[in-house]
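Just below is one structure, and these are the notes that go with it.
Laboratory data are not the source of any read-out in this text; all were calculated from the coordinates shown. Source: prediction; values computed, not measured. As a convention, Cβ positions derive from the backbone with ideal geometry for all residues, glycine included, and neighbour counts pool all protein chains shown.
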Amino acid sequence: MSKSQDTMISHLSRPDAELVTWSNTYVTGIELIDEQHKELLNLTNQLYKACLDGEGHVMFKEVMHRLVEYVKFHFSAELKLLEKIHYPGFLDHKKQHENLALNILDAVKSYDESKKLLPNVFVRTLKDWVFTHIAVSDKLYAAYVADQKKKGLLSDQQIRDLMK
């Protein structure tokens, strides 16, 4: 095993290991959305830590259910904003959210019924999908919002008011 592989395995087995860290890649420039994305990151890391814990099935299930509830809240808030600002890609973005929500709910149902789900694989898949979605799809509407702000058609205060 190479030294870099040793380092990676050592890092991933630490109790404070994180699967994903916040970076500018995920910044939309919309304060409330960025705060929600940070919470999704936090919950994803909690789920990952539950996978690393040998006794983590109860914790995994608890964090997974919290994550599901938060994803529902976040998707609802994000779509509400996109609809109110007349984002041209609204329907496509909504469909992406629906697909992710169905995948998560199917995984939760499978886990609840038979525990066939491999938690570590699920968390990595979730991380890849959610954070790729943020870095790509959410950046598209972020660019639209930035353009609307530049044209004077939208302000940070209006965005905060729309998200109430």
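Per-structure values
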read-out: Mean separation of Cα contacts under 8 Å, 6 or more apart, over the residue count of region 41-109: relative contact order %; value: 27 percent
read-out: All-pairs Cα distance distribution in region 35-162, expressed in whole percent, bin size 5 Å; value: 2, 10, 19, 22, 16, 11, 8, 6, 4, 2, 0
read-out: Inter-site label distance for Asn24 and Ser155 at 7 Å from Cα along Cβ, in nm; value: 2.8 nm
read-out: Computed lengthening from Asp147 to Glu62, 0.36 nm per intervening residue step minus Cα-Cα distance; value: 26.6 nm
read-out: Sequence-distant lysines (8 or more away, or on other chains) whose Cα lies within less than 25 Å of Lys61; value: Lys38, Lys49, Lys72, Lys109, Lys115, Lys116, Lys127
read-out: Ranking of Met64, Met59 by count of other Cβ atoms within 10 Å, fewest first; value: Met59, Met64
